Amino acid sequence: MLLIGYLSGRGDKKIHHSMSGYFLAGKNLGFIALFFTLYATQYSGNTIVGYAPTAYRSGFSWIQSVSFMTIIIGVYLLFAPRLYVISKRNKFITPTDWLKYRFNSKAVTLLGVFLMLWGLGNYLLEQLVAIGQAVAGMTGGTIPYQVAVIAFILVMLAYEWMGGMKAVAFTDVMQGLVLMVGILVFLGGALYLVGGNLTNVTTFIMDSEPAKVGVPAMETSINWFSILLLVGCGAAIYPHAVQRIYSAESEKTLKKSFARMAWMPPVTTGLVFVIGIIGISMFPGLNEANSEQLVGMMANEIASINSFYYWVMILFFGGIVAAIVSTADSVLLSFSSMISNDIYGNFINPKASEYRKVLVGKIVGVIAVILLIWIAWNPPGTLYQIFVLKFELLVQVFPAFILGLYWKKLSARPVFLGMLLGAVIAGVMTLTGHSTVYGIHGGVIGLLVNFVVAVGGSVLVPVSAKQEGRADEMTSLKIEA
């Protein structure tokens, strides 16, 4: 990764002197780089290291992970091609450039920036925790959790500083290939250790923990659909995912990448689910804290089969940790771009040069990582809890994105009030320990209120004919401005 970072940035002045060059790889990512950077970003620490332990604790009801990873692709296709054309025409850098352009409102822009930075901060924290858990589990604690976090963060900062988004995308190609092959070999080794028969695994679970194979309770089923909405709408507007939309070299490349991504949920999340189920048979009775290191524990057992599995597990865990780091650097890159462009460039120093904005983004990124390492030193809950937390507020930006693209009568003030009310409802429910009501997440309840306020307010207080015409022009798909 360090070598790729060095080669990506060597001799290319645009990377360090241009916002588009550093944060969006010059908006010139081809199919291979775009597909793998989307893949390695979406399937990372929370998928490999976090989802298998969740399957271990939840049982067969965690098959829902395949469905919510699939729905993300559907939501992408709802808005990504249209947003790409508009972003290309108007040279967007960050996701909130779209909000600023569409609504011409400082209130909407600043609230959108805050909610997206909240989501990015939580996501980056999740990746730091995943790095420590993965390495500590794989090495049996020989390399401590805290040492792993610091070591890999230094690697991440070094190559991101050298090559920006270009380095991130090229490292993702390497990591994505290792992950795909590694998951298949990992599953093969796990099946070998349990006798090659999933029926025996299921029988063991039925005898020892029948609740994990039983029909889910009604509240669990409702929670399933709540997660579909929360993750489907939230993950599709990850700021770093939106910036990958901006980075595509063409609309055709973008659509082709998403078409291939549609096959990845069963191939990746589905196999990780099976690995977690096998783990119940291999390591019965683990408590919540110990189950978080399940993948590392299983990898140690698989590595002891023979020398082939030993070396593949080393490469696989190298790939896992590299992909976690890669997701972290994508998030950090997006975090830095929003601070430097949306806050520093728009409100603090509007006359700053692009070189200075890039430099400010780099420095702020280092400061943010230091603060998050301090939090990750004693992580607040399991990976899955951290995973859900970030969506509660991030998802409140969704109505502004989608309705703004397709409904020209949408007004800025109702959008702001809807986002604010949705965020307050989701935040209060989370902070008071009532994050779900009958299985429905606070973020989903807030999102429904958000939609009602945005749509209802725009109907009751309609925009002027001039504003409607301007919105129609802004969201048109014509190539010329």
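List of remarks:
- Any chance Ser44 is among the hydroxyl-bearing types (Ser, Thr, Tyr) and over 20 Å from the mean Cα position of the chain (by Cα): no
- Gln467 meets each of the listed conditions (1) outside any helix (DSSP H, G or I); (2) of a type outside the set (Asp, Glu); (3) more than 30 Å from Glu219 (Cα to Cα) apart from (1).
- Among the numbered conditions (1) among the hydrophobic types (A, V, I, L, M, F, W, C); (2) modelled with pLDDT of 90 or more; (3) buried (at least 19 other Cβ atoms within 10 Å of the Cβ), the only one that Ile4 does not meet is (2).
- When restricted to residues that are farther than 30 Å from Ile143 by Cβ, in contact with a Ser or Thr (Cβ under 7 Å, 6 or more places away or on another chain) and of a type in the set (S, T, N, Q), the stretch 99-132 contains 1.
- Qualifying positions in the stretch 9-24 - at pLDDT 75 or above and among the charged types (D, E, K, R): Arg10
- Within the stretch 106-217, helices (runs of 4 or more DSSP H) holding 2 or more residues that are modelled with pLDDT under 85 and surrounded by fewer than 20 Cβ atoms within 10 Å (Cβ to Cβ): 145-193
- With a requirement of 3 or more residues that are modelled with pLDDT of 90 or more and farther than 21 Å from Glu160 by Cα, the helices (runs of 4 or more DSSP H) lying completely within the stretch 260-370 that satisfy it span 271-282, 294-303, 307-337.
- Output for the stretch 221-259, where each listed residue is free of Cβ contacts under 8 Å to residues at least 60 places away in the same chain and not in a helix (DSSP H, G or I): Ser250
- Residue in the stretch 25-38 that is at pLDDT 85 or above, among the aliphatic types (A, V, I, L, M) and farther than 24 Å from Tyr123 by Cα present: yes
- Cβ-Cβ under 9 Å pairs, at least 6 apart or on other chains, the stretch 457-480 side under 18 Å from Ala400 (Cβ atoms), far side of a type in the set (Asp, Glu) and surrounded by 11 or more Cβ atoms within 10 Å (Cβ to Cβ): Pro462/Glu468
The values are calculated or read from the model by the stated rules, or taken from the named source; none is laboratory data. In this text the structure is predicted, and so the values were computed from the model without any measurement. All Cβ positions, even for glycine, are placed from backbone atoms using ideal geometry, and neighbour counts span all protein chains on display.
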